[in-house]
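Scroll down for the structure; my scribbles are underneath it.
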Amino acid sequence: MNRKKDKGFESPRPFKLTHQVVCINNINFQRKSVIGYVELTIFPTVVNLNRIKLNSKQCRIYRVRVNDLEAPFLYNDPTLEVCHHESKQRNLNYFSSAYTAAVSAVDPDAGHGELVIKVPSELWKQGDDLKVLKVYIEFSLDQPKGGLHFVVPDVEGSMAERGAHVFSFGYQNSTRFWFPCVDSYSELCTWKLEFTVDASMVAVSCGDLVETIYTHDMRKKTFHYVLPIPTAAPNISLAVGPFEILVDPYMHEVTHFCLPQLLPLLKHSMSYLHEIFEFYEEILTCRYPYSCFKTVFVDEAYVQVSSYASMSIFSTNLLHSAMIIDQTPQTRRCLAQALAQQFFGCFISRMSWADEWVLKGISGYIYGLYLKKTFGVNEYRHWIKEELDKIVEYELKMGGVLLHPTFSGGKEKDNPTPHLHFSIKHPHTLSWEYYKMFQCKAHLVMRLIENRISMEFMLQVFNKLLSLASTASSQKYQSHMWSQMLLSTHAFLKSISNVSGKDIGPLIKQWVDQSSVVKFFGSFAFNRKRNVLELEIRQDYTSSGTQKYVGPIKVTVQELDGSFNHMLQIEENSLKHDIPCHSKSRRNKKKKIPLMNGEEVDMDLSAMDADSPLLWIRIDPDMSILRKVEFEQADFMWQYQLRYERDVVAQEEAISALEKFPTPASRLALTDILEQEQCFYKVRMQACFCLAKIANAMVSTWQGPPAMKSLFTRMFCCKSCPNIVKTNNFINFQSYFLQKTMPVAMALLRDGQNICPKDVLNFILDLIKYNDNRKNKFSDNYYRADLIEALTNSLTPAMSINNEVRTVDNLNADVRLILEEITRFLNMEKLLPSFRNTITISCLRAIRQLQKNGHIPSDPSLFKSYAQYGHFVDLRIAALEALVDYTRVERSSAELQWLLSMAQNDPVHYVRHKILGMLCKNPPFTKTTDSALCNEALVDQLWKFMNSGTSHDWRLRCDAVNLYYMLFGLTRPSCLPLPELGLVLNLKEKKAVLNPTIKPELGVGAFNTMEDEDIDMETVHDSQAFIHHHLNLLERPSTPGTHTHTHTHTHTHTHTLPNPLHKHMAEHRRATSTGHLGHY
Amino acid sequence: MADPAVASGGPLNAGARGSAGKATSSPAENYLLARRRTLQVVVSALLTESGFESAEKAAVETLTEMLQSYITEIGRCAKAYCEHTARSVPTLSDTVVTLIEMVTNAPVTPKALSAGQKRTHPAHIPSHFPEFPDPHTYIKTPTFREPVSDYQVVREKAATQRRDVERALTRFIAKTGETQSLFKDDITTFPLIAAQPSTIPYLSALLPSELELQALEETDSSEQDDQTDGENTAGNAITDDPGADKENSMLPPSGVVPSTKASEDNVIDNPYLRPVKKPKVRRKK
């Protein structure tokens, strides 16, 4: 982990895995169960290897054999229940440290695991010769809650006809959920994968499909896969279903799979993939490392894109037809991301969690290069700015994101991120949002490195890493080359310094070894006498998420004579920088003004300050620092910057700045940009919203028709009858996006009474009325959805008289019109559903807005019906979003319970994740506010949920932790009984638990507490005896007698129902954890 | 006017006689006699007008007979013309044609009935041909209503129509099925079709509706997948992507790899397309 010492890779295990066989004999869709075995070939690296620790979660293990000898084993998962049930602790700090300890206890990167196998003593002697051991484990999974996801639609017909399928999923290394393995990215081995499935199904997995063989009864077939490239277990995946198969027409070794009936969409969506392949292979000057590639599109996907060795699993919702505009770039981006991760992430794997940033960074960076090539430099720079803004906002709000955490000694005191409510020591303890920001920062830092050493060197480094890895991958295990396929921070930096000869140490220290971003405040004065620009750059490095920056910074000054770059040095105490200006103010000379890109333009200079030659100033224009800049310059300078600076980032900055200057000149600048067709469409879209804000601020002095109306009319309406929009023709995408955006922005206009002007509303209603898509090549579903959004934006709070009940009769006339449109759209969508139900989603948002503004009665039942399982997932999320909002506004405890129970029980993992995420974003109450909802029962419920209810999904558990933090904060929730009592509880834990008055009331907690009271003497006795037995087993060599005992005991496991099984495991863990803690 | 009538009386005698004979045999003799008397009065009046002071009874009878047969013939003939053109009530033009047929000069249309300036014959039409009728009988007056080609109105109409259809349809479905409401007191004003969970929600959310596919085909029917084998399309209910690549041989969704390989030469060697092997009598490794 420490980058100083990790020259070669040192395995934390006393053995090395070389090959693993995974064989799944039976997949039962009806019962949602899986039976199979694995066989791991390992080389002991120590003499007397007596224990083998492997990872396995929720698998039921029937037997373990080592070299054909029965071996005793212990299955112990401390993450099932993080804190001991008897504890009345409800403080998040306590939970976080307990959770981190639990994850550490089974962390494969530290050589630990849930499954401890005792090597039979007969084989010990063999260990001296370091001979191969074969560990054979039979296991089954019954209704897995994590790892594998079964989608079984409830209709008539065979499983294949029903479109039933199953696929593996997980956040980070989660393969242990579906078969026993060494679940680490750094333990590579070759693979043989066999899956026996129904004859009507296809099993898609990693590596090459060698052959497909029918079983003897011809009703099933077995897919044999071989993966000769050493691969880590977390990069192994499986998808089984009645997939339609499409061989890529351009690359025959690439195969695409989708669910029945979607083949036409698959064909269209995949028609582009070969270009992405070509792009990456060209820039990396390296062939795609695997011999084949498979894409599988599944329903109810965990994430949109997940990459595994030689295959990627995507959400089926990425598929689209040729008629859809908006989805197309998104799908292509997802494909490009997946493919970038094939090179860095799957083929080249990380050495440790601390090196994750390198792989995420490189894959994100080359994905960025793809964006630049495909969507253009403007789009790329826009994206970089967006990502930079995101990370800056997150870090300033939540505290720093640390890319390369180092843990010296592993003591809690050395926690590098004390501001966070979770530990960043393990990927499984991270909040999802943090992880997303982590990835975002990683690729931005890669870009900073590129800025420093040039793209050419950067690509050379990647090429070097890839060629090293490919050489290593073709070697036999014995050559000890495989660790070359693992990438560490150290190796990466070394490679950079070798290739470029440059020292990027300070850069790495600033952005990788340290968290936080830089916050600059800039202002300037022009000294006419000295003809000098006096620039002042201050920093805020004291507030959370900020750090001090010392080093070079680029400042670009546009003067009358041209554009000049200045490299300034930010030092400890210097705030002021003098920059000599080139031009005296010479406005009288009619001369074109040269811009940065060499272009020369005419400008109307009348707005300028007569004494100053400065047109505009930009600080760090290339975004080569992770920073936020707040710069002060006069409004006319922002206007010049918007009109004449050619960089989209500068234009966007100018637009944001102009919001504060509601003047006719700003209006004119924005309108000009809006009309300018050469201008990047996203800038023009942003200008729409800015114009709406300015118009609202200028409402008393605004001249002419509402903002953008005449512009829209000129661009999109008929010449002869300006109130009627032309029939849709979206062949020009730029104007399509503008056409979509302008009404949405216009609807934000407000008149003197702070309501949406009548003209604007009628205008939008007319757009809806006259919308005609019959002659269009493209679907107008997103456009119509945006028109509904525009209607939503036009809503303002209802005038309420005496809090009367909202009825149809007292509906405002305008609202009635809006409601009629929404009703019609919503109903039509039932008959002619739009792509991804975009229109219904907009309608639901509109209805929630109508409720919130008091036009119609606030009622959650409509949203509840749309949130049910069985609706399209986007629709469900939109409905849930409305419900979350309802819960907050109405402080409804019933709805909160409803949401939480869905978060606990919904079949779709993504929906559960989203519910918690949305509750965090829009919490019903926070730690600082008082609310009737905040009560002990809720605390207990959430605590139980994150403590034991989410053990099957790392992401969900972290979501629950986030929500708990949002609602109650780090310390003991205020709504719980007096803190004194809590203190007593902590001190006298055991006794307090025995006190029946404070017994938790619900579920497992109560059940376990009762056990502790020794009510069921026999159970406790039994399990304790069992545990003692096993502990003893671990300490001394086994005897044939213990063998049979273990065997019989595991056998009883197989016959118990899942719940008692978990209980048992929890029992084991509790009893053994004390023993284990001694080891760790 | 009287002259021609009298002069052309002769040739019609035979017909008139026939009808007279028939009339005597009919039972409504009184009517006949009354008509005859009227005609006699008319003849006598004409004679008086022409300057005769007295006439023999036989002469009056003859003249009456001639007049009657003449009128009868006009009626019969006009009726025949009228029925010839599949009408039941004779019109003026039928009568006119009849009169021309009977080689009398067509009666000059009374001044009061003629309108406008009649066209003279062009040079190539002999003058004995009938004159042009009154201009109003053939001149068309362009009085059509402005067809709704005004863009604004068309769009307006299309929009309203679509909205009405949608509203009616959704209301109907809402009335016949389960609904949800935003208001507790009034569940009919804004009825929402109840949300029904589906077993495979992603299908309807991802696949384009048939309507959209249809529209797409209309806008872009350039390329068609010409190579489809029956087995594959059977297993695949969704129509193929127009831009689909021909190289891909589709597989049935069941995943059973067809043992017969595609007949093309450039067979793709992909392990997922290879046939499944028969089990061998050997232990699995």
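The values are calculated or read from the model by the stated rules, or taken from the named source; none is laboratory data. All values reported here derive from a predicted model rather than from experimental measurement. In this analysis, Cβ positions are derived from the backbone assuming ideal geometry, glycine residues included, and neighbour counts consider all displayed protein chains.
Figures for the structure shown
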{"item": "Qualifying positions in segment A:532-569 - assigned to a loop (DSSP other than H, G, I, E, B) and in contact (Cβ under 8 Å) with a residue 60 or more places away in the chain", "result": "A:Ser543, A:Ser544, A:Gly545, A:Gln547, A:Tyr549"}
{"item": "Top-ranked residue of segment A:258-279 - restricted to ones that are touching a helix residue (DSSP H, G or I) at 6+ places or on another chain (Cβ under 6 Å) and either away from every other protein chain (no Cβ under 14 Å) or assigned to a strand (DSSP E or B) (or both), ranked as farthest from A:Phe375 (Cα to Cα)", "result": "A:Cys258"}
{"item": "B:Ser204 vs. criteria at the interface with another protein chain (Cβ under 7 Å from one of its Cβ atoms) and either in contact (Cβ under 8 Å) with a residue 40 or more places away in the chain or part of a helix (DSSP H, G or I) (or both)", "result": "yes"}
{"item": "Enumeration of residues in segment A:851-877 that are in contact with a Ser or Thr (Cβ under 8 Å, 6 or more places away or on another chain), in a helix (DSSP H, G or I) and buried (at least 20 other Cβ atoms within 10 Å of the Cβ)", "result": "A:Gln851, A:Tyr866, A:Leu875"}
{"item": "Set A:Asn771, A:Asn776, A:Asn728: member being under 40 Å from the mean Cα position of the chain (by Cα), closer than 30 Å to B:Ile187 by Cβ, crowded, with 16+ Cβ neighbours inside 10 Å and within 13 Å of another protein chain (Cβ to nearest Cβ)", "result": "A:Asn771"}
{"item": "Residue check, A:Leu900 touching a residue at least 24 places away in the same chain (Cβ under 8 Å) and farther than 20 Å from A:Ala879 by Cα", "result": "no"}
{"item": "Filter result for A:Tyr370 (under 19 Å from the mean Cα position of the chain (by Cα) and either within 14 Å of chain B (Cβ to nearest Cβ) or more than 18 Å from A:Lys682 (Cα to Cα) (or both))", "result": "no"}
{"item": "The one condition in (1) over 30 Å from A:Gly163 (Cβ atoms); (2) crowded, with 20+ Cβ neighbours inside 10 Å; (3) at pLDDT below 95 that A:Phe347 fails to fulfil", "result": "(3)"}
{"item": "Checking A:Gly241 against (1) surrounded by fewer than 24 Cβ atoms within 10 Å (Cβ to Cβ); (2) at the interface with chain B (Cβ under 9 Å from one of its Cβ atoms); (3) among the small types (Gly, Ala, Ser), the condition it does not meet", "result": "(1)"}
{"item": "Filter result for A:Thr215 (within 8 Å of chain B (Cβ to nearest Cβ), hydroxyl-bearing (Ser, Thr, Tyr) and surrounded by fewer than 24 Cβ atoms within 10 Å (Cβ to Cβ))", "result": "yes"}
{"item": "Cβ pairs under 6 Å, 6+ apart, first in segment A:397-422 and part of a helix (DSSP H, G or I), second surrounded by fewer than 16 Cβ atoms within 10 Å (Cβ to Cβ) and modelled with pLDDT under 90", "result": "A:Asp414/A:Ser408"}
{"item": "Of all residues in segment A:158-207 being within 11 Å of chain B (Cβ to nearest Cβ) and among the small types (Gly, Ala, Ser), the one that is farthest from A:Leu262 (Cα to Cα)", "result": "A:Gly207"}
{"item": "Selection status of A:Phe150, at pLDDT 95 or above, farther than 18 Å from A:Thr45 by Cα and within 32 Å of the chain's Cα centre (by Cα)", "result": "yes"}
{"item": "Residues that are out of contact with any Leu (no Cβ under 9 Å at 6 or more places or on another chain) and either in contact (Cβ under 8 Å) with a residue 24 or more places away in the chain or surrounded by 15 or more Cβ atoms within 10 Å (Cβ to Cβ) (or both), drawn from segment A:669-700", "result": "A:Glu677, A:Cys679, A:Phe680, A:Lys682, A:Gln686, A:Ala697, A:Met698, A:Ser700"}
{"item": "Residue in segment A:201-218 that is hydroxyl-bearing (Ser, Thr, Tyr) and in a loop (DSSP other than H, G, I, E, B) present", "result": "yes"}
{"item": "Subset of segment A:623-643 (residues that are in contact with a Leu (Cβ under 8 Å, 6 or more places away or on another chain) and without any contact (Cβ under 8 Å) to a residue 60 or more places away in the chain)", "result": "A:Asp635, A:Met637, A:Trp638, A:Gln639, A:Leu642"}
{"item": "Residue count, segment A:553-564 (criterion: surrounded by fewer than 17 Cβ atoms within 10 Å (Cβ to Cβ) and within 33 Å of the chain's Cα centre (by Cα))", "result": "1"}
{"item": "Pick from segment B:183-201, criterion more than 7 Å from every other protein chain (Cβ to nearest Cβ) and more than 46 Å from the chain's Cα centre (by Cα), ranking: surrounded by the most Cβ atoms within 10 Å (Cβ to Cβ)", "result": "B:Ile187"}
{"item": "Residue in segment A:212-235 that is over 28 Å from A:Leu468 (Cα atoms), at pLDDT 95 or above and within 29 Å of the chain's Cα centre (by Cα) present", "result": "no"}
{"item": "Residue list for segment A:826-867, filter: more than 9 Å from chain B (Cβ to nearest Cβ) and more than 31 Å from the chain's Cα centre (by Cα)", "result": "A:Asn853, A:Gly854, A:His855, A:Ser858"}
{"item": "Residue match in segment A:787-806 (condition: within 16 Å of B:Lys184 (Cβ to Cβ) and within 11 Å of chain B (Cβ to nearest Cβ))", "result": "yes"}
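Conditions (1) small (Gly, Ala, Ser); (2) modelled with pLDDT of 90 or more; (3) part of a loop (DSSP other than H, G, I, E, B), marked per residue:
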residue	(1), (2), (3)
A:Val116	no, yes, no
A:Leu123	no, no, no
A:Lys145	no, yes, yes
A:Met159	no, yes, yes
A:Gly163	yes, yes, yes
A:Val166	no, yes, no
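Let's see how each residue does on (1) part of a helix (DSSP H, G or I); (2) within 12 Å of chain B (Cβ to nearest Cβ); (3) within 27 Å of A:Ser363 (Cβ to Cβ):
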residue	(1), (2), (3)
A:Lys221	no, yes, no
A:Tyr225	no, yes, yes
A:Ile245	no, yes, no
A:Tyr250	no, yes, yes
A:His256	no, yes, yes
A:Glu281	yes, no, yes
A:Lys294	no, yes, yes
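Yes or no, residue by residue, for (1) under 20 Å from A:Ala354 (Cα atoms); (2) at pLDDT 90 or above:
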{"site": "A:Leu402", "(1), (2)": "yes, yes"}
{"site": "A:Lys413", "(1), (2)": "yes, no"}
{"site": "A:Pro427", "(1), (2)": "yes, yes"}
{"site": "A:Lys464", "(1), (2)": "no, yes"}
{"site": "A:Ser470", "(1), (2)": "no, yes"}
